[in-house]
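Let me begin by presenting the structure, written as structure tokens, before commenting on it.
Taken together, the values in this text are just the output of simple stated rules run on the coordinates, not laboratory data. Small disclaimer: the values here were computed from a predicted structure and weren't measured. All Cβ positions, glycine included, derive from the backbone under ideal geometry; neighbour counts span all protein chains shown.
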Amino acid sequence: MRIFIVLFAFLLLSCSEKPIAKKTVVGIIPYKGISSEKVAMLRNSIQEYYGISTKLLPEMALPRQAFINIKSPRYRADSLIAIQQSNMPEGVDYILGLTEIDISVTKKDDDGKVKEPEWKYNDFGIMGLAYCPGKSCVVSGFRLKHKDKEVHFGRFKKVVIHELGHNFGLPHCPDKKCVMTDAVEKIKTIDDARPELCNKCKSKIGIVLGINVTIADTEKSNKKNAPAIAGASNQQNQCYFPTTSLCVSVALSETMRIT
Ligand SMILES: [Zn+2]
Ligand SMILES: [Zn+2]
């Protein structure tokens with residue numbers, strides 16, 4: 001009997017610690033400018049990959065209070081995820097903002113000071129930002145562009161899965177093929193990673209192997225709906241895991257545009 005109680009308590013504890021379950025709902029905010037086809041494809045990827053539900057929230061403009069124009073007109077990602085989190089609708093466990101507009105953040109070192117050189121990192125263009133762990137994240141397609149739309153979509157999906165992974169409590173992963181790998185300032189790192197978690201990361205958040213299909217499978221079914229994306233990019237990217245509990249996917253190419 002005692003063994004049964006201990007086992008029951010253990011199972012109860014294990015379940016309650018998991019950040020996601022089938023009933024988990026990720027609310028999606030499509031910020032004006034992103035196509036409904038792309039949003040639908042990304043929703044599908046989240047649902048099928050993580051085995052959770054999504055809820056499409058009304059399209060909205062990026063909030064004015066997040067706007068900044070230091071180097072170029074864009075929106076602060078740290079403000080966006082804070083605003084999203086403070087306006088969580090009922091029935092939503094996590095909230096993800098999707099945009100094609102450039103987003104930025106101040107990149108800090110381990111001491112909390114703006115990383116040097118300050119002119120470069122004070123307002124730094126990024127691909128995504130997430131609380132880790134937390135309830136809110138944002139992903140921008142601005143620095144994920146590629147002349148091949150499939151490459152672009154693949155990058156977008158990887159960053160979405162990556163940032164949600166941070167929300168679910170996953171840190172960066174040493175496995176370079178895992179979608180939670182640190183991109184270490186190279187877009188190639190993102191392109192080389194598989195669009196899925198390694199087994200260790202899966203087990204950390206309780207994904208049962210075999211239940212979730214791979215994103216590659218959903219790509220096949222969504223190809224015909226993929227909108228055309230123009231423009232190429234050779235952007236360098238970095239994702240780091242600072243002590244501020246934010247995780248940032250950063251594009252370094254902007255340094256090449258600054259004089
Ligand atoms: Zn991993
Ligand atoms: Zn990251």
List ILE101, ILE126 from most exposed to least, where exposure is judged by having the fewest other Cβ atoms within 10 Å. ILE101, ILE126
Please give the peptides 107-113, 83-89 ranked by average Cβ packing (other Cβ atoms within 10 Å per residue), highest first, as a rough proxy for protection. 83-89, 107-113
How far apart, in nanometres, would the label points at LYS186 and LYS202 be if each is projected 7 angstrom from Cα along the Cα-to-Cβ direction? 2.6 nm
Among 141-149, 116-124, the order from most to least packed when residues are scored by Cβ within 10 Å on average: 141-149, 116-124
In which sequence would ARG64, ARG43 go, from the one with the fewest C-beta neighbours within 10 Å to the one with the most? ARG64, ARG43
Debye intensity ratio I(q)/I(0), log10, the stretch 85-136, q values 0.14, 0.26, 0.28, 0.29 Å⁻¹ (C-alpha model): -0.51, -1.03, -1.08, -1.10
Counting other C-beta atoms within 10 Å, which of ARG76, ARG194 has the fewest, and how do the rest follow? ARG194, ARG76
How many angstrom lie between the Cα centre of the stretch 90-131 and the Cα centre of the stretch 166-186? 16 Å
Along Cα→Cβ, 7 Å out, is where each label goes; now give me the distance between the ones at ASN69 and ASP148 in nm to one decimal. 3.8 nm
Return the distance in nm (one decimal) between the two label points of a simple spin-label model at SER35 and LYS176, each offset 7 Å from Cα along Cα→Cβ. 3.3 nm
